[in-house]
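Peer 1: Have a look at the structure that comes next, please.
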Amino acid sequence: MTIVVVDDAESALWRRVAMLTATDSDVRAVISPSDLAEIGPDDAVHLVITAPAGGPDPDGARLGGVDLARAQRCLARIGDRRVDQVILVSSALVYGAWPDNPVPLSETASPRPNPDCAIAVDYLELERLVSAWALDRPDTHVAVLRRTLTVSADAEGIGWLERSLWHTATVRHGDADPPGQFLLIDDLARAIEHARRRGLDGIFNVAPDGWLAVTQQIELTGKSAGVRIPEAGAGPLASLRWRLQLTSTPPDVLPYTMHPWVIANDRLRATGWEATASNEEAFVAGSRPGWWSTLHGRRRQEVALAGLLASVAVGVGATIGAVRHRHR
């Protein structure tokens, strides 16, 4: 049996998948589609596709963006070779973050990625690409794993969450406080191996049970509530933080911090998988005490007030700019 992982062999996710499969499988990391030539025509192939690209990482799993061209080259290189299963690691970002989203979202919900969020749009395109490829392969099982926000407790992932736009204890955007979900990367690797062993076919959400309210997230950090940024000023401020390298997440994920997109895991749980870490445990594992927790109460108030004044100024500036644009 051969498992081919279209991923960086040094990535945190790949290392975990390799550990889970090394006991009973011949696992190969495929960096270039040309490496597929080394696989024999009679091998039972399980293809795991993440197709990570360089650039900003939308979550702490260090998967980066989506390299559509790389995935397409890999599928084309397979040709007529037998593939027993494709496991596509996608994201719940494809559902989109909208005010009218049900809580939670099931696999029956139609994908509606926010159009300005490039990685969400690319993940949906990756799903379509794999589905189109599989149309002529009725004997190939295709499991699409739509994971929620994934965090890592590794040294390379620690602190990512605390610096991200998702960290509500630092800053909240708009008037709503949507719930959040946090999946430990180890449980994502276990979901991949579970899908392979069970020969799963179809779309499966990957997340712990339930979700965390904003008040719970703030309580887990041991911090006071973060500064609230008016929606009009949230975009300009997020872009400024990104340019100044004050945040680990690009500004195009901003809608996903203002509207709900939590997912139900019932379908995957029904097959025998369950997360080993709860939302609370994953949130804590992916966090670390930041500079905010080292400030005294008076200093926190001063910094919070300065941040609020800055956000108001940005919001006023954005409003004036919009009015001038309409007037022109």
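Peer 1: Please give me the summed charge of the neighbours of His194: other residues whose Cβ is under 11 Å from its Cβ, Lys and Arg +1, Asp and Glu -1.
Peer 2: Working: positive: Arg190, Arg196, Arg197, Arg198, Arg269; negative: Asp187, Glu193, Glu274.
Overall, the nearby charge balance is +2.
Peer 1: Counting other C-beta atoms within 10 Å, which of Thr108, Thr21 has the fewest, and how do the rest follow? Kindly include the intermediate steps, with their values, before the conclusion.
Peer 2: Working: Thr108 8, Thr21 21.
Listed from fewest to most nearby Cβ atoms, that is Thr108, Thr21.
Peer 1: Under 37 °C and 0.692 mPa s, how fast does segment 72-210 diffuse according to Stokes-Einstein, given a Kirkwood radius computed over C-alpha pairs? Answer in µm²/s, whole number.
Peer 2: Working: Rh = 16.8 Å.
The diffusion coefficient I find is 196 µm²/s.
Peer 1: Let me ask you something else. Below 9 angstrom from the Cβ of Val214, what's the summed charge of the other residues (Lys, Arg +1; Asp, Glu -1)?
Peer 2: Working: positive: Arg172; negative: Asp177.
Computed value for this residue: 0.
Peer 1: Could you work out the pair-distance distribution P(r) of segment 159-293 from its alpha-carbon pairs, with 5 angstrom bin width and percents rounded to whole numbers?
Peer 2: Percent of Cα pairs in each bin: 2, 10, 18, 20, 18, 13, 9, 6, 3, 0.
Peer 1: Please list, ordered by chain and number, the residues whose modelled amide H lies under 5 Å from the amide H of Ile3; skip anything fewer than 5 residues away on the same chain.
Peer 2: Excluding prolines and chain starts, which carry no amide H, the hits are Asp26, Val27, Arg28, His46.
Peer 1: Step through the residues of segment 213-221 one at a time and calculate ³J(HN,Hα) from phi using the Karplus curve (6.51 cos²θ - 1.76 cosθ + 1.60, θ = phi - 60°), rounding each to whole Hz and writing x for Gly and Pro.
Peer 2: 6, 4, 4, 5, 5, 5, 4, 5, 7
Peer 1: Let me know the Rg and Dmax you get for segment 110-172 when you use only its Cα atoms, in Å.
Peer 2: Rg, Dmax (Cα atoms, Å): 16.5, 49.
Peer 1: Let me ask something else about it. Between segment 193-245 and segment 250-270, what's the alpha-carbon centroid distance in Å?
Peer 2: 7 Å
Peer 1: Shifting gears a bit: Could you give the C-alpha radius of gyration of segment 238-290 expressed as a fraction of 2.2 N^0.38 Å, taking N as the number of residues it contains? Kindly include the intermediate steps, with their values, before the conclusion.
Peer 2: Working: Rg = 15.7 Å, N = 53, 2.2 N^0.38 = 9.9 Å.
Here the Cα radius of gyration is 1.58 times the empirical estimate.
Peer 1: Can you give me the long-range amide H partners of Val142? Hydrogens built in the peptide plane at 1.01 Å from N, cutoff under 5 Å, separation of 5 or more residues or another chain.
Peer 2: Val86, Gly202
We did not get these values from a lab; they are worked out from the coordinates using the rules stated. Just so it is clear, the model here is predicted, and its values are computed rather than measured. Every residue, glycine among them, receives a Cβ derived from its backbone with ideal geometry; neighbour counts consider all protein chains shown.
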